[in-house]
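*Asks:* Here it is, the structure, as structure tokens.
The values are calculated or read from the model by the stated rules, or taken from the named source; none is laboratory data. Owing to the predicted nature of the structure, the values given are computational and were not obtained by experimental measurement. Cβ placement follows ideal geometry from the backbone for every residue including glycine, while neighbour counts extend to all protein chains displayed. Accessible surface areas use protein heavy atoms only, side chains included; no ligands, DNA or RNA. Shrake-Rupley method; radii C 1.70, N 1.55, O 1.52, S 1.80 Å.
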Amino acid sequence: MTPATALIPGLDGIVRHGDAERCVEATRRIADLFLEDATRLRPEHINLFDGLLIDLVPLADLATRIDLSERLSRLVKAPRVVIGQLARDDDVAVAAPLLRRSPALDDGALIDIAQGKSQGHLLAIAERARLSPETTEVLVRRGDRDVVRRTAANDGAEFSERGYSDLINRASFDGVLTLAVGKRDDLSDEHLKRLLEGALDVVKRRLFDVVGPERQTKIRQAVAELAGTVSASVSKRNFVPAQRTILSLYEADALDEAALLGFACEHRYEEVIAALAAMTGLKLATLDRLVSGDRHDPLLILGRTIGLAWSTVQALIQLRLGPRRVPAQRELDAIRVNYARLSSSTADRVVAFWKTRH
């Protein structure tokens with residue numbers, strides 16, 4: 001008979017019948033027994049406690065689960081199955097202590113949790129002392145504004161090339177995020193240039209004021225380079241007011257397909273281009289050239305990448321043609337068939353090419 005089973009007589013019956021009060025008491029007593037000698041226990045003993053707790057934890061009340069998560073969150077030698085169980089708890093109050101600091105959670109577990117759990121779970125992960133590039137990719141891709149800002153401001157976070165690209169794309173319509181990214185020590189000169197290219201002037205000035213002299217010099221250089229090429233890469237259209245409109249929508253979590261459709265139906269070209277830039281990560285100048293060209297194909301590719309309904313794509317085509325030209329139904333039917341046949345993977349590859357090409 002093990003010490004734990006001796007301490008909790010009838011443990012199998014408690015689990016089987018699910019008596020709430022007895023489950024809570026059993027969980028607390030087993031946890032206390034484990035924590036008394038946690039630092040001296042051998043792996044086989046830790047596995048024993050893991051096996052005892054795994055069936056009890058789901059039956060314990062919220063307060064007990066929160067307490068257990070908090071107490072286990074700082075242990076290196078911890079029962080890993082129970083740690084994973086608590087870290088995946090749907091209640092963020094239970095999962096957060098472990099997600100923020102448990103050394104027993106590896107990158108695989110963190111990525112798995114980040115891919116399927118709530119924004120509260122992601123926010124807790126973003127606060128860890130160290131974040132791998134693989135983990136930050138998921139946080140930036142799935143996270144809301146607060147999660148992405150917290151991740152960018154985390155000095156212990158590392159970013160892959162793809163992760164940094166996604167981060168900078170999102171910063172184009174988030175001044176606070178632009179400042180957080182711009183202050184990072186690992187920001188390369190090329191990434192800084194891309195960050196400034198998508199930022200409003202007021203954000204650029206604010207960033208210049210909050211960084212050190214070395215970064216200020218690099219900002220001056222990047223701004224000068226961008227100013228030297230702007231006339232060759234941007235049309236005569238003024239996208240600044242449209243960018244402000246899209247930024248406001250983004251901050252209000254209202255930048256979606258419905259907003260894009262509304263702009264298209266109202267023939268607000270600049271707002272449509274600015275919205276597509278935010279949704280795809282492509283530059284304004286690139287989108288302006290593609291959409292104002294002589295073919296509909298770019299709109300089909302952009303629509304498939306974002307996942308737009310045909311009605312929205314049709315409105316974008318009408319915007320491109322202008323209010324006075326209505327395409328024949330036969331022409332629209334042919335375009336619709338092409339859109340239905342276009343695969344997401346093909347569209348994504350073309351957009352990726354546009355990003356590097358332009």
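*Asks:* For region 98-117, what are the residues that are closer than 25 Å to D67 by Cβ and open to solvent by less than 50 Å² (accessible area, probe 1.4 Å)?
*Replies:* L98, L99, S102, A104, L105, A109, L110, I113, A114, K117
*Asks:* Can D144 be described as surrounded by fewer than 16 Cβ atoms within 10 Å (Cβ to Cβ) and within 20 Å of A252 (Cα to Cα)?
*Replies:* Yes; evaluated as a whole, the condition is true for this residue.
*Asks:* Can you tell me which condition A129 does not meet? The list is (1) at pLDDT below 90; (2) of a type in the set (A, V, I, L, M, F, W, C); (3) open to solvent by 30 Å² or more (accessible area, probe 1.4 Å); (4) not in a helix (DSSP H, G or I), and all the others hold.
*Replies:* Only one criterion is unmet by A129, namely (1).
*Asks:* What helices (runs of 4 or more DSSP H) lie completely within region 240-358 and have 3 or more residues being under 23 Å from A171 (Cα atoms)?
*Replies:* 240-251, 257-265, 269-280, 284-291, 297-306, 344-357
*Asks:* Can you pull out the residues in region 171-188 that are touching a helix residue (DSSP H, G or I) at 6+ places or on another chain (Cβ under 6 Å) and not β-branched (V, I, T)?
*Replies:* A171, F173, G175, L177, L179, A180, G182
*Asks:* Just give me the residues in region 71-97 being open to solvent by less than 70 Å² (accessible area, probe 1.4 Å) and within 22 Å of V140 (Cβ to Cβ), in sequence order.
*Replies:* A87, V92, A95, A96
*Asks:* Would you call K236 more than 26 Å from the chain's Cα centre (by Cα), in a loop (DSSP other than H, G, I, E, B) and either surrounded by fewer than 20 Cβ atoms within 10 Å (Cβ to Cβ) or at pLDDT below 90 (or both)?
*Replies:* Against the criterion (more than 26 Å from the chain's Cα centre (by Cα), in a loop (DSSP other than H, G, I, E, B) and either surrounded by fewer than 20 Cβ atoms within 10 Å (Cβ to Cβ) or at pLDDT below 90 (or both)), K236 qualifies.
*Asks:* Can you tell me which of (1) in contact with a Leu (Cβ under 6 Å, 6 or more places away or on another chain); (2) within 17 Å of G281 (Cα to Cα); (3) open to solvent by 30 Å² or more (accessible area, probe 1.4 Å) is the one R149 doesn't meet?
*Replies:* Only one criterion is unmet by R149, namely (2).
Conditions tested, residue by residue: (1) within 26 Å of L255 (Cβ to Cβ); (2) open to solvent by 40 Å² or more (accessible area, probe 1.4 Å); (3) over 24 Å from the mean Cα position of the chain (by Cα); (4) free of Cβ contacts under 8 Å to residues at least 40 places away in the same chain.
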{"site": "R295", "(1), (2), (3), (4)": "no, yes, yes, yes"}
{"site": "I301", "(1), (2), (3), (4)": "yes, no, no, no"}
{"site": "L316", "(1), (2), (3), (4)": "yes, no, yes, no"}
{"site": "D333", "(1), (2), (3), (4)": "no, yes, yes, yes"}
{"site": "R336", "(1), (2), (3), (4)": "yes, yes, yes, yes"}
{"site": "D348", "(1), (2), (3), (4)": "yes, yes, no, no"}
{"site": "V351", "(1), (2), (3), (4)": "yes, no, no, no"}
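*Asks:* Also, I was wondering about something else. For region 280-287, check the following and say yes or no: at least one residue is on the phi > 0 side of the Ramachandran plot, modelled with pLDDT under 90 and under 28 Å from the mean Cα position of the chain (by Cα).
*Replies:* Yes, that holds for at least one residue.
*Asks:* Also, quick follow-up: What pairs come out if I take residues in region 246-272 that are in contact (Cβ under 8 Å) with a residue 40 or more places away in the chain and pair them with residues that are surrounded by 13 or more Cβ atoms within 10 Å (Cβ to Cβ) and of a type in the set (S, T, N, Q) whose C-beta lies under 8 Å away, six or more apart or interchain?
*Replies:* Within 8 Å, the pairs are E257/T312; L260/T312; L261/T312; A264/T312; A264/Q318.
*Asks:* So, one more: Kindly establish whether T286 is open to solvent by 50 Å² or more (accessible area, probe 1.4 Å) and among the β-branched types (V, I, T).
*Replies:* So T286 does not fit the description; no.
*Asks:* Continuing with the same structure: Suppose we filter region 53-69 for residues that are surrounded by fewer than 19 Cβ atoms within 10 Å (Cβ to Cβ) and under 10 Å from A93 (Cβ atoms); how many remain?
*Replies:* Residues flagged as surrounded by fewer than 19 Cβ atoms within 10 Å (Cβ to Cβ) and under 10 Å from A93 (Cβ atoms) within region 53-69 amount to 2.
*Asks:* Any chance you could count how many residues in region 74-111 are in a loop (DSSP other than H, G, I, E, B) and modelled with pLDDT of 90 or more?
*Replies:* Of the residues in that region, 9 qualify.
*Asks:* Evaluate the following for D209: is it at pLDDT 90 or above and part of a loop (DSSP other than H, G, I, E, B)?
*Replies:* no
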